[in-house]
Amino acid sequence: MIIDNGVKTTEASAKDKRPFLSVISARYSPHQDADPLKPREPAIIKHFTAYKNQDHGAWLRGGDVWLDSCRFADNGIGLTLASGGTFPYDDGSKQEIKNSLFVGESGNVGTEMMDNRIWGPGGLDHSGRTLPIGQNFPIRGIQFYDGPINIQNCTFRKFAALEGRHTSALAFRLNNAWQSCPHNNVTSIAFEDVPITSRVFFGEPGPWFNQLDMDGDKTSVFHDVDGSVSEYPGSYLTKADNWLVRHPDCIDVPDWRGAVCSGRYAQVGHNGTAPGVPGPSPVRGARLEGDRLLCSFSFILFTFPPHPVGFLKRHSENILYAECLQRAIALRSPMWMRVRPRHLLMVSTVGK
């Protein structure tokens, strides 16, 4: 199942030559009477089953899409929740799944064929079985992407990593260019036949993960509300080298390539351009809360020189840096700042 993109509802014209009903970039944002000016109203999917898919069991992009009592088994990736509430495409929206079951490798091992290139060891006993894509593909139950996302009262069964294959119940989208919302929450999670080492995996450079150096790869984080994943209630789980979130009291979990951290976190996103450059407005505000402020800046440029890097730096410092600094001072909080590295990387702190 895929929910993403949209269709063009107008005929081709000189201005837009794409034909009627062609696929276009869009976001599914359910509202009352399909009217975006009316209150949001979630689209609820119940009793959905995804079984034996080589890639995704389901990919959901958009606003309030909520799943309940669903089942995912023997998929390469059970479910990717790609909420549009973070940036935001549909302000205030979220995606969630609850009361659902995820099975990494069921008892149905398939049949080995003469030309079967995806047969290999699997499961806790390393017995032979058909595999989704390849012997080293990192099977995962749920992928976090964007946010906010809520995972509640879900059971993960039979996810077990092997040498050279990083299977995990929870993970982040591979090769992720977009920052993760720190309000991606998990609550009341149960694990059955899942070693604690396979509950989460944040990735490492290598096959399928590539260099693991994109913006989203570096800033992956989610909130373990009741401690059912990490056994530390209220903690945030993050990539081991996410220096925007880490502090001296974080606990490293080498098998996850991650760390368990305390605190409260929030995200501030700005899509900006230099004055005179066509594009979005220079600053788009965001709600702030908590005692730690994460400012992630993305400059979207539609033209290049004659706008030199120095000019962009002055613009970012004068507009974006100043705004984040003022808010950090108002909150009496540490401030962590990041600008997408192809333009500028800046990390600054303000003491309490």
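The values are calculated or read from the model by the stated rules, or taken from the named source; none is laboratory data. Because the structure is a prediction, the values reported are computed rather than measured. All Cβ positions, glycine included, derive from the backbone under ideal geometry; neighbour counts span all protein chains shown. With ligands, DNA and RNA removed, areas are computed over all heavy atoms of the protein, side chains included. Shrake-Rupley method; radii C 1.70, N 1.55, O 1.52, S 1.80 Å.
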Which Rg and Dmax, in Å, describe the Cα atoms of the range 1-57?
15.7, 45
Roughly how many nanometres apart are two label points built 7 Å out from the Cα toward the Cβ at residue 240 and residue 55?
3.1
Hey, with R₀ at 45 Å, roughly what FRET efficiency would residue 177 and residue 251 work out to, going by the Cβ-Cβ distance, to 0.05?
0.95
Cβ charges +1 (Lys, Arg) and -1 (Asp, Glu), total dipole of the range 87-156, debye
120
For an R0 of 30 angstrom, estimate the FRET efficiency from the Cβ-Cβ distance between residue 204 and residue 5 and round to the nearest 0.05.
0.45
Distant-in-sequence amide H partners of residue 200 (H built 1.01 Å from N, under 5 Å)
169, 170
Would you please name the trypsin sites (Lys or Arg not before Pro) within the range 148-205 that are DSSP coil residues with at most 11 other C-beta atoms within 10 Å of their C-beta?
none
Simple SL model, points at 7 angstrom along Cα→Cβ for residue 196 and residue 231; separation in nm is 0.3
With the convex hull built on the Cα atoms of the range 72-150, state its orientation-averaged projected area in nm².
6.5
Rounded Å value of the spacing that divides the Cα centres of the range 187-225 and the range 1-70
27
Once amide H atoms are built 1.01 Å from N in the peptide plane, which residues 5 or more positions from residue 6, or in another chain, come under 5 Å H to H?
24, 26
5 angstrom amide H check on residue 157, placed H, neighbours 5+ away
102, 103, 104, 192
Heavy-atom accessible area per residue, the range 1-143, 1.4 Å probe: how many Å²?
52
When all C-alpha to C-alpha distances in the range 43-114 are sorted into bins of 5 Å, what percent of pairs does each bin hold, rounded to whole numbers?
4, 16, 23, 20, 15, 10, 6, 3, 2, 1, 0
Scan the range 1-56 for chymotrypsin sites (Phe, Trp or Tyr not before Pro) in coil per DSSP, keeping those whose Cβ has at most 11 other Cβ atoms within 10 Å, and list them by number.
20
Viscosity 1.306 mPa s, temperature 10 °C, Stokes-Einstein D of the range 162-209 from Kirkwood C-alpha radius, µm²/s:
126
Kirkwood hydrodynamic radius over Cα pairs of the range 135-235, then Stokes diffusion coefficient at 37 °C and 0.692 mPa s, in µm²/s
238
